[in-house]
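The values are calculated or read from the model by the stated rules, or taken from the named source; none is laboratory data. Keep in mind that what you see is a predicted model, and the values were worked out from it rather than measured. Counting neighbours? That spans all protein chains shown, and the Cβs are built from the backbone with ideal geometry, glycine included. For the accessible areas, the whole protein counts, side chains as well, though only heavy atoms, and no ligand, DNA or RNA atoms are used. Shrake-Rupley method; radii C 1.70, N 1.55, O 1.52, S 1.80 Å.
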Amino acid sequence: MIGTTVPDRRRGSRLVRAVAAILVLLLAMLVSYALWTVYENTLTAAAVDQGASKNTKPSARGALSPTAVRAVKAYGGEAVWRDATTVESTVTVGGLLFQLKGASIPPHAKITVDVRRPHTVIDPVDDSGDTGVLDGFSVMIVAPSGKVLEQRADAREHLQNASISTKWDRLNLVYFLGYAFWGYYTLPYQLLRSDIEWTELHDGLLQADYGTNLPVHSRIQRFWFDKNSGLLRRNDYTPVAAARDARAANVVFEHGVSNGIPYTSKRRVKISLGQYGWVLPFPDFITIDVERWQLG
């Protein structure tokens with residue numbers, strides 16, 4: 001009869017302890033992530049009123065609902081935005097999306113948008129110093145010399161969005177960032193536009209129907225505003241240019257102030273577990289840090 005030696009038993013005991021330690025560590029990580037998820041969705045800017053909508057009737061074109069009135073006032077007032085023509089900024093963007101897509105812009109890029117129409121200039125859009133331009137649904141890459149290197153008349157016809165990991169070319173990158181920043185920066189003016197249908201679902205929550213003539217993440221989007229300050233807290237949408245079935249929650253964690261005008265200075269785009277639902281705290285789908293912002 002062959003017995004088990006003391007060294008064999010010791011090795012077996014060490015293996016069991018190692019496996020147990022790994023399982024305990026994994027369990028602790030899962031519990032920590034679960035607690036982090038609860039915290040993110042109840043005690044941060046991602047926490048929003050998920051109550052049932054009380055109203056489904058859109059506001060009359062050009063008319064502002066109480067939430068819209070509060071928001072426009074919070075961001076400087078109607079007169080300021082009706083007189084505004086441009087927003088100039090310096091921005092650093094990052095996050096999982098750009099890693100998966102294999103394309104991004106250099107840090108501290110200058111992004112300029114036209115307040116009244118979807119026109120965005122990203123300078124630079126790459127390490128060569130080229131500039132990306134969005135004008136409506138058209139996009140182009142311009143060299144420092146002014147020569148047009150690439151262009152696309154309608155970016156919607158060439159979306160690389162079969163999945164979240166489908167690679168982007170430079171023109172798709174310009175299209176996505178171009179319309180995204182135009183939308184982010186001009187939200188107060190969008191509330192005043194007559195070609196966007198706004199519905200106040202309940203106090204603090206607006207839903208936008210952008211129609212088909214404006215480049216945006218998705219035609220239907222929801223915006224949660226702080227009921228006291230009027231400032232934006234969260235914007236939910238489907239980023240169709242990135243992936244057809246993705247659900248994103250764009251959460252505003254910080255505001256800055258430029259010449260008395262508040263602006264969203266720190267955004268984190270999160271993966272949403274369900275449409276207009278809880279978000280995953282990590283990883284960040286997109287990070288947006290606005291270092292300089294000027295309304296002109």
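Here are the numbers for the structure shown:
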| item | result |
| --- | --- |
| For the chain, convex hull of alpha carbons as volume per residue, Å³ | 184 Å³ |
| Accessible surface of the stretch 194-292 [probe 1.4 Å, protein heavy atoms]: carbon and sulfur percent | 47 percent |
| Low-density loop positions, trypsin sites (Lys or Arg not before Pro), the stretch 25-123 - DSSP coil, at most 14 other Cβ in 10 Å | K54, R61, R116 |
| Whole-number D in µm²/s for the stretch 144-225 (Stokes-Einstein; Kirkwood sum over Cα pairs; 4 °C, 1.567 mPa s) | 87 µm²/s |
| Fraction of accessible area attributable to carbon and sulfur, the stretch 49-118 (%, probe 1.4 Å) | 55 percent |
| Computed Kirkwood radius, in angstrom, where 1/r is averaged over Cα pairs of the stretch 22-181 | 19.4 Å |
| Shape of the stretch 151-194, Cα gyration tensor, a/c cut at 1.5 | prolate |
| Distance between modelled label sites at A34 and E254, nm, 7 Å Cα→Cβ extension | 3.3 nm |
| Reach of K101 by Cα under 30 Å, taken over lysines that are not fewer than 8 positions away in the same chain | K110, K147, K167, K266, K270 |
| Point-to-point label distance, K54-A143, nm (Cα→Cβ direction, 7 Å offset) | 6.1 nm |
| Pairwise label distance in nanometres, V69 with T90, each label 7 Å out on the Cα-Cβ vector | 4.0 nm |
| The stretch 184-240: mean projected area of Cα convex hull, nm² | 3.9 nm² |
| For the chain: accessible area per residue (Å², 1.4 Å) | 48 Å² |
